Structures are given as structure tokens and as C-alpha cells.
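This report refers to the structure that appears directly beneath it.
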Amino acid sequence: MSLDPDLDAYLADILGTAAPPKRSRGRPKAERPEDLELKAARTRAANASAALAEMKREISSGALVRREDVAATWAAIMTDLRAALLGIPSRLDCDPDTRAAVDRELRDTLTRVADHA
């Protein structure tokens, strides 16, 4: 080979050993609508897969819990709270009328809270 790059390029072109010309960086070739739909579907699938993997990581780390588990836990807490509140009147050192009035107020309050839940 010669030391002249222009001569090397000229000879390569004549002999047919030149590399194919590079594509210009102009506007990209227009894609067919079905190609665009396929690309969009693949993107949606990749996004869904990534979201599912993230949810699995959050579940395994305890950062994300099932709705049923939360509801069951809160139901148990509220049942215990109700029992504790309704036990208050029996522990009061007062006359029976006052005890009955406190019991009635507690039950009415619990009913109002339950109606708004």
C-alpha cells in the first residue's frame, strides 16, 4: 500500500474493495404503520414487564402489601378497639344511670363511625 490516503481510496474504489458509503444522518426512512404498531406494542410489553418486576421487588421487601391483608388487619384492630371502648362503662365507679349514659354515648359514637366507614 502507498502512503497516500487519497491514492489508496482511489484504488480501492476502482478495484471494488471500498467500504460502502455511510448513510447520511438526514431524516430517517419512513416506517410502515404496522411496524410502528409493532414497535409500540413491544414498548408497552417492556414497560408492563418492568412494572411487574418492580411490584414483585416491593412485595418481597415488604413495601407493598395485599389489600386483603390490610383490610383484615384493620378489621382486627377495630374489633379490639370496639371491645375496649364498650368495656369502659363496666369499669366506671359511678351510679348505674351514669354508667348507662356513658354506655349509650359510646355505642352511638361507634355506630356513627361505622356508618361513615
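Of note:
- Proximal charge balance of Arg42 [Cβ under 14 Å; K/R count +1, D/E count -1]: -2
- Simple Cβ-charge dipole of the stretch 60-117, Lys/Arg +1 and Asp/Glu -1, about Cα centre, in debye nearest 20: 220
- From most to least packed by mean Cβ count within 10 Å, the peptides 99-110, 39-50 give 99-110, 39-50.
- Model label points for Glu34 and Leu86, set 7 angstrom from Cα along the Cα-to-Cβ axis, are 6.8 nm apart.
- Taking a ≥ b ≥ c as the square roots of the eigenvalues of the Cα gyration tensor, an a/c ratio of 1.5 or more together with a/b larger than b/c marks the stretch 31-77 as prolate.
Here, each number is a calculation from the coordinates, and none is a lab measurement. Just so it is clear, the model here is predicted, and its values are computed rather than measured. Heads up, the Cβs are rebuilt from the backbone with ideal geometry, glycines too, and the neighbour counts pull from every protein chain shown.
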